[in-house]
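Student: Next up is a structure, given as structure tokens.
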Amino acid sequence: MEPQDYIAPECPLDLPAILRDNILTDVECFGEIERCSQQMSSAFSGWDHAQIDQWCAEHNLVIIAHYDGRIVIKPGSTRPLTELRAELQAENSARIRAEVEAMDWPEVIDG
């Protein structure tokens with residue numbers, strides 16, 4: 001008697017779709033939410049960047065990944081994307097300047 005391959009029954013739930021619906025509900029309730037990378041990977045499992053961009057455009061959302069690992073989802077802005085990018089670049093530049101200044105503090109204190 002030969003071994004038979006196990007065939008798992010299909011799950012009737014579309015878990016990524018449920019997670020995306022939860023994102024929409026939470027943004028509607030709270031205005032701005034945070035998710036971890038694992039949650040986002042699960043919600044958009046199998047999707048490429050174009051599909052995620054299209055979903056965001058359809059639901060007027062913006063997903064922003066911060067340098068510290070936070071992923072923020074909030075309603076889209078009426079401002080052009082170029083302005084949002086410029087704002088994020090300015091925030092990053094300010095953070096980098098602050099970090100560089102912090103590295104110079106011991107010299108200032110010792111002096």
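The values are calculated or read from the model by the stated rules, or taken from the named source; none is laboratory data. In this text, all values refer to a predicted model and were calculated from it rather than measured experimentally. Please note: Cβ atoms are built from the backbone with ideal geometry, for glycine as well, and neighbour counts cover all protein chains shown.
Student: When you scan the range 35-69, how many residues do you find that are surrounded by 15 or more Cβ atoms within 10 Å (Cβ to Cβ) and either at positive phi or among the acidic types (Asp, Glu) (or both)?
Tutor: Qualifying residue count, the range 35-69: 0.
Student: Additional query: Do we have any residue at all in the range 1-16 that's more than 30 Å from SER93 (Cβ to Cβ), touching a strand residue (DSSP E or B) at 6+ places or on another chain (Cβ under 8 Å) and modelled with pLDDT of 90 or more?
Tutor: Looking through the range 1-16, none of the residues is more than 30 Å from SER93 (Cβ to Cβ), touching a strand residue (DSSP E or B) at 6+ places or on another chain (Cβ under 8 Å) and modelled with pLDDT of 90 or more.
Student: Please note which helices (runs of 4 or more DSSP H) are completely contained in the range 37-110 and include at least 3 residues that are of a type outside the set (Phe, Trp, Tyr) and modelled with pLDDT under 75.
Tutor: Passing ranges, in order: 81-110.
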